[in-house]
1. Using the structure shown, list the pairs from Lys395/Lys557; Lys84/Lys206; Lys534/Lys557; Lys37/Lys206; Lys484/Lys531 with a Cα-Cα distance above 25 Å, or answer none.
2. Work out the FRET efficiency for Asp239 and Ala165 from their Cβ-Cβ distance, taking R0 = 25 Å, and round it to the nearest 0.05.
3. Run the simple label-point estimate for Arg573 and Ser435 please: 7 Å along Cα→C-beta, distance reported in nm.
4. Determine the per residue accessible area of the range 405-466 with all protein chains present and a 1.4 angstrom probe, expressed in square angstrom.
5. Compute the signed sum of charges (Lys and Arg +1, Asp and Glu -1) over the other residues within less than 10 Å, Cβ to Cβ, of His452.
6. Calculate the FRET efficiency for Asn526 and Ser496 from the Cβ-Cβ distance with a Förster distance of 22 Å, rounded to the nearest 0.05.
7. Per the 1.4 Å probe, what fraction of the accessible area of the range 481-573, in percent, lies on carbon and sulfur atoms?
8. Just the accessible area per residue of the range 494-557, please: how many Å² with a 1.4 Å probe?
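The values are calculated or read from the model by the stated rules, or taken from the named source; none is laboratory data. This structure is a prediction, so every number in the text was calculated from the model and none was measured. When we count neighbours, we look across all protein chains shown, and the Cβ atoms used for this are built from the backbone with ideal geometry, even at glycine. Side chains are part of the model used for accessible areas, which takes the heavy atoms of the whole protein and leaves out ligands, DNA and RNA. Shrake-Rupley method; radii C 1.70, N 1.55, O 1.52, S 1.80 Å.
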Amino acid sequence: MDTAHLIAQKPKRWDVAFDPDMTEEDVDRLLQAPPFKDMDASRFTRAMPLRGILRHDTRIRRCARHQIIVREGDYGNSAFLVLKGSVRILMPHEAPADTLGRRVRNRKGFFGALAQLWTNSREAERIPDMRGARVKSMDDPEGATVFLQDVTPQLRGGETPIMHAGELFGELAALSRMPRITTVVAEEPNTEVLEIRWQGLRDIMKRDRAISDHIETIYRERALMSHLQEIPLFARLSDADLQRVMDATTFETYGDYDWYGEYKKLVKSGQQGAQEPVIAEEGDYPNGIFLIRAGFGRISKRYGHGHRTLNYLGVGESYGMREIVHNWLNPENLIPLQHTLRVVGYTHLLFIPTPILEEFVMPTLASAEVSTLAEIAESAVESAQARVDIDAGAKIGPALMEILSDNRFFNGASAMVIDNNRCTRCDDCVRACASTHDNNPRFLRHGPLSEHIMMANACLHCADPVCMLGCPTGAIHRDLLEGKVVINPVTCIGCSICANNCPYNAIRMVEARDRSGGLLIDQERNQPIQKATKCDLCVEQPSGPACERACPHDAMKRINLNDLGELAAWLQR
């Protein structure tokens, strides 16, 4: 077969519609419903028209009463618009896992883990035989349907919110790759919801502000108040003053949602840091604080003709407060922003202007808090003690800090870090991993080095797992109980999308075998069936990751790089 012809015929996004049964009549109906009826179709391109997005990136789901539409804790790539009927939102933790159609994970016992040493396949990476098997997702309208059992007891704490036609839900999780924070069930028989996959939602938001404004309005109504109330700075505000703060708060988004592809190109060119959009720059007036809702930001400071990374900010952290507090307490000695904040990948932020903080927030602080703020203010002018607080390189070393930042390893919630001064290359970690996973180790003991510290090539179980984007079957997903990123080998179809998306090259495609060790052959192509494999942190083992447990020299550690204090403590052990 001609290779050039294959390249020319590579699949396109709309080769397969989200719902092949979506009709032109369905699209006409959607164009008459808000927010689509308020959009200007002329803003969309000929290659990506609004009608085409609705035709190919949406599907209409018809739900029976009490049918689950989204589940708390699940990761999804879609938002939902109520078209007909109503849906009920269950507040977090109102519905136990066993009522949501979710299987509780059973870990292997001691003897089960021991017996595994003799029952492993002789062939590497044996995958369960899929022939005749069919596993359907709860998100598939033609697949298995999950209903909330005994819904009445879930409501005893009081009535939960109900959403009606025209209201949108699930959009924040779809756009930020965060887990669903609530369970949503159909409240009425024959309820209809429009499911919009994130690709379509993204393209609509690029061309028309209507749905962006719709999402922002919904967030203001549902989540902004609770978000601000959880921050100690706003704890003493009256409802009226909190409303004034909310009215002045703006929502900002920086970077690219699908940043992983461009990032890989930048890594090869060595220009990844230079391509990160600047949110606020050192030397500018501190005109407000930024609160990170999703994603990461890089904190840096000018050194010569470049910048040195000092730290990074994650979800719930803020930027600009030190300088604002200093200027409030020292109006005669105003200072500009002391550091630059850049986007790492894709970041959602809340911005609250300085005048609003000075008028409504600062006067409510207690004397003890004012003293704390005075210390914060002092740190804004770079005291020796403050530099340790701001500059993570003072704890872990600037060279290691640059490696973590340039490679975006701080995305890792369970990164494999190896101390080569202690590692004797005995391979006990590799053998332990192989024994746990059918004789196939799921990591490579090499990676970027900073002096004697190595970041090994193993799944990081990211806070922002972009590998899950685009998986057509949902085979790669979060472990619903612990949040680890795992792959279901039965539903994996070997498309390699996750392997291509992973920024860290931590997913491999391997040939699948049946229980006897024979290759599984695709009947149509007469080629071995491939499956995606990666580190799963030994989720079924009673004592956690086998690699870490097997190291006789304490040379290896699984570390949450969202917390650099944990890394610093391990380095200084």
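1. On the way: Lys395/Lys557 18 Å; Lys84/Lys206 27 Å; Lys534/Lys557 18 Å; Lys37/Lys206 17 Å; Lys484/Lys531 19 Å.
Pairs exceeding the cut-off: Lys84/Lys206.
2. Values: r = 30 Å, r/R0 = 1.19.
Once rounded, the FRET efficiency stands at 0.25.
3. With each label point 7 Å from Cα toward Cβ, the separation is 2.0 nm.
4. Details: 2200 Å² over 62 residues.
With the other protein chains kept in place, the range 405-466 gives 35 Å² per residue.
5. Numbers: positive: Arg422; negative: Asp419, Glu451.
My count for the surroundings of His452 gives -1.
6. On the way: r = 19 Å, r/R0 = 0.85.
Efficiency, rounded to the nearest 0.05: 0.70.
7. Numbers: 1940 of 4460 Å².
Roughly 43 percent of what the probe reaches on the range 481-573 is carbon or sulfur.
8. Values: 3190 Å² over 64 residues.
So the range 494-557 comes to 50 Å² accessible per residue, rounded to a whole number.
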